[in-house]
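Data first, discussion second: the structure below is written as structure tokens.
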């Protein structure tokens with residue numbers, strides 16, 4: 001979207017001011033007509049960056065277009081380096097919270113792990129702190145991570161989860177099933193002293209805070225010490241506890257001792273909105289998770305950079321590893337900022353394979369699911385459109401996809417079908433059938449050319465709501481030849497929409513996407529492949545159903561012409577008047593006389609034939 005003086009009459013002034021701007025690094029501060037700061041950004045070249053907002057030919061994303069339309073004036077601060085500009089930008093955003101900057105406000109509450117204040121403490125997952133003497137660990141953003149950690153610690157350390165009160169209920173009643181299946185140490189039996197129990201709870205808290213790897217190391221030291229002191233009973237219990245921790249680590253995907261303290265960040269977006277997810281690993285285990293709604297989508301690299309600066313501006317605990325789902329332009333600059341902020345080295349990377357890639361995929365799926373809640377779409381639909389956009393090199397995930405297929409029986413009853421998908425779902429109210437009018441012999445290229453010409457003539461004439469929206473992507477059921485024929489035709493009409501072919505294998509199943517110069521395989525993008533397959537199957541079904549219906553109708557019309565006095569034109573006239581065979585059967589002789597313009601004798605003969613068919 002380009003900004004014009006109609007949307008912002010201040011553009012001439014802003015362009016003139018920017019032409020005199022320095023080429024030094026710095027921050028720019030956009031303001032509206034009331035003087036309120038609406039956006040703050042950084043640049044290594046202020047003139048180049050700021051002028052990009054006000055150029056008459058500049059194509060902006062909707063969010064940027066909206067911001068620029070409200071800019072009345074701007075200030076700037078020159079800095080000695082781009083790094084200083086980054087530090088200043090973070091500080092100013094925290095101070096002024098401008099409307100068009102990414103402001104990270106998740107809409108979740110916080111969860112805590114409570115260690116109850118009683119002689120035999122319990123571990124519990126709670127949603128808020130209470131004014132008591134219990135010990136609270138947190139806050140955590142993800143209630144799932146809290147419940148998982150508490151359940152895991154209770155299982156590994158065999159802590160009681162029943163409703164009995166200790167020491168009051170010791171030796172009162174038989175132990176429950178959990179004790180017999182070794183999920184509880186059996187405090188109720190009286191065999192565990194309060195001192196020993198509290199030491200085990202302390203180990204469980206250390207396990208939650210430090211992770212499985214550190215717990216194993218500490219417990220191993222205690223086991224060896226107990227063995228040296230000939231306390232073999234304690235050593236055996238510690239050995240069993242270490243085995244339980246290792247077993248839990250093997251069974252749970254959220255535990256991986258090979259993972260350093262890391263934050264895994266991914267951004268998911270559809271054609272309009274974007275969300276981010278952060279998965280936090282500490283001590284070799286999933287420690288917490290947070291999701292953020294970023295609002296309107298933007299440039300992918302800038303969006304991730306803005307998220308990182310906003311997210312870590314308000315955090316003290318910054319890990320040494322940050323894994324991203326996509327590369328960003330200014331990673332070294334952000335690493336320097338994070339290093340100075342945290343006091344230790346921070347490495348930003350984008351994994352390409354292995355278990356670290358699986359982590360970024362996990363974060364991406366979480367972001368997609370969070371976005372799906374916000375926009376009313378499934379996470380799989382969002383992922384499919386993102387994968388498709390990436391595979392085809394589109395600037396953004398396509399919102400509207402149109403797909404075309406030709407269907408015929410030799411050179412008879414030639415038709416085409418157009419299906420429309422909106423945000424990954426069929427939009428059936430915009431589906432269209434075409435009867436081929438200008439092609440007399442079987443020629444798929446010529447038929448497809450006629451259909452696309454008719455479709456975009458309707459777009460310019462605005463005669464039909466189904467044709468009034470320009471698609472973001474066009475698929476043709478056919479290969480490279482279809483793309484080479486149709487693309488120049490559509491471009492000559494002034495339509496600049498990406499066009500691809502859908503190629504099938506010998507078993508009539510989707511194999512690849514055809515371009516003008518080859519094929520693109522989608523086998524590594526499973527969600528995108530499934531979406532394209534559904535689209536191709538749907539357009540084929542839609543076109544062939546219409547072709548079969550039209551063939552039956554033409555065959556029926558042909559039977560009508562066997563009546564003396566009924567030619568092809570009168571048969572068409574009858575079908576047009578009565579629409580269906582059932583309505584035609586219900587017609588009286590008089591109604592047939594009127595509709596076909598024939599005498600009674602012919603109408604009576606027609607009536608007999610109709611009821612025999």
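Read-outs: derived from the displayed coordinates by stated rules, not from any lab. For clarity, every value in this text was computed on a predicted model and none was experimentally measured. Using ideal geometry, Cβ is built from the backbone for each residue, glycine included, and neighbour counts are taken over all protein chains shown.
Apply the a/c threshold of 1.5 to the C-alpha gyration tensor of region 393-551 and tell me whether it is rounded, prolate or oblate.
Details: a/c = 1.37, a/b = 1.15, b/c = 1.19.
Judged from the Cα gyration tensor, region 393-551 comes out rounded (a/c under 1.5).
Based on Cα atoms of region 111-251, Rg over Rh with Rh as the Kirkwood radius reads 0.96.
Working note: Cα atoms of region 249-407, range along each principal axis, descending, whole Å: 64, 38, 27.
All Cα-Cα distances of region 326-390, cut into 10 Å bins from zero to the largest, leave 19, 34, 32, 15, 1 percent in each bin in turn.
Separation of region 1-51 from region 119-160 is 51 Å, based on Cα centroids.
As a proxy for reagent exposure, ranking 18, 23 by other Cβ atoms within 10 Å from fewest up yields 23, 18.
Can you sort 64, 609, 503 from fewest to most other Cβ atoms within 10 Å of each residue's own Cβ?
Details: 64 21, 609 13, 503 18.
Ordered from fewest to most neighbouring Cβ atoms within 10 Å, 64, 609, 503 come out as 609, 503, 64.
Over all projection directions, the Cα-based convex hull of region 1-127 averages an area of 11.5 nm². Panel note: the C-alpha atoms of region 51-112, placed on their principal axes, show extents of 52, 32, 18 Å (largest first). To test your reading of the geometry: what angle, between 0 and 90 degrees and rounded to tens, separates the Cα axis of helix 194-210 from the longest principal axis of the chain? The angle comes out near 40 degrees. Remark: spin-label model distance residue 327-residue 182 equals 5.1 nm, labels positioned 7 Å along the Cα→Cβ axis.
The rule of thumb for compact globular proteins, 2.2 N^0.38 Å, goes into the C-alpha radius of gyration of the chain 1.37 times. Axis angle, to the nearest 10 degrees, between helix 526-560 and the longest C-alpha principal axis of the chain: 20 degrees. How far, in degrees from 0 to 90, does helix 82-96 lean away from the longest principal axis of the Cα atoms of the chain, to the nearest 10? Orientation of helix 82-96: about 90 degrees from the principal axis. The orientation-averaged shadow of the Cα convex hull for region 561-612, equal to a quarter of the hull surface, comes to 2.9 nm².
Measuring r between the beta carbons of residue 161 and residue 239 and using R0 = 22 Å, the FRET efficiency lands at 0.40. Shown for 57, 337: other C-beta atoms within 10 Å of each C-beta, ranked fewest to most, produce the order 57, 337.
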